[in-house]
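First comes the structure, then the notes that go with it.
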Amino acid sequence: MTLLIEHIGFNDAKMVIEAKDEDGHKNLYLKGICMQGGVKNLNERIYSVKEISEAVEMANAEAKKGFQLLSELDHPTELVVSLKNVCASIEKLWMDGNDAYGKLKILTTPSGNIARSLIENGIKLGVSSRGSGNVDANGNVSGFNLTTIDLVATPSAPAARPAPVFEALNSKRGPTIEDLARIVHEDPKAQKYLKKELFEWINKLK
């Protein structure tokens, strides 16, 4: 079995941002394409619609048993989900045509707060499926087992960038740069992540 990590950008994932106030607290969600079936991605791999559909069915079956799929910020190079890096919970997965769609709830964890601040300050995040499977010489994937869907800055699948959806906003501008500055000041992990993102952004401008 091979570790399989596939990225999908914000625009390709047709990401939608949703926000809903509950007792004065705004819950933030990302909703869009998480996995694509029948197309070759940037890693030169192809997941059949059958493989994607079965992975979604299995994930939903596990959810009914009470097991929660948790997302990490960035894409770890291992199958085990690290609780200290969790940024979102996957509320729902479903098939629409050849693609698997998902709805992710951004959590109020350190990594979740980083994701929230980036999103609310206009940064477009993509998604990354993480799992295991077999890959033949032509890039076809079989025996795919989905571990989770992570949030990333760079995509690999041609059309996987879910869009943030705001159902309710307390103000037109939403959170300000002070929110991000506060989180970065209080969280060494946030400092490291922001530094990495800034360097990548600067390099793209060259």
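Odds and ends about this structure:
- Leu83, Leu125 arranged by Cβ crowding within 10 Å, fewest neighbours leading: Leu83, Leu125
- By other beta-carbon atoms within 10 Å, ranking Leu3, Leu73, Leu107 with the fewest at the front produces Leu3, Leu107, Leu73.
- Added length on full extension, which subtracts the Cα-Cα distance from 0.36 nm per residue, Leu79 to Lys64: 3.3 nm
- Applying the criteria of a DSSP loop state and at most 14 other Cβ atoms within 10 Å to the trypsin sites (Lys or Arg not before Pro) of region 17-116 yields Lys65.
We did not get these values from a lab; they are worked out from the coordinates using the rules stated. This structure is a prediction, so every number in the text was calculated from the model and none was measured. In this analysis, Cβ positions are derived from the backbone assuming ideal geometry, glycine residues included, and neighbour counts consider all displayed protein chains.
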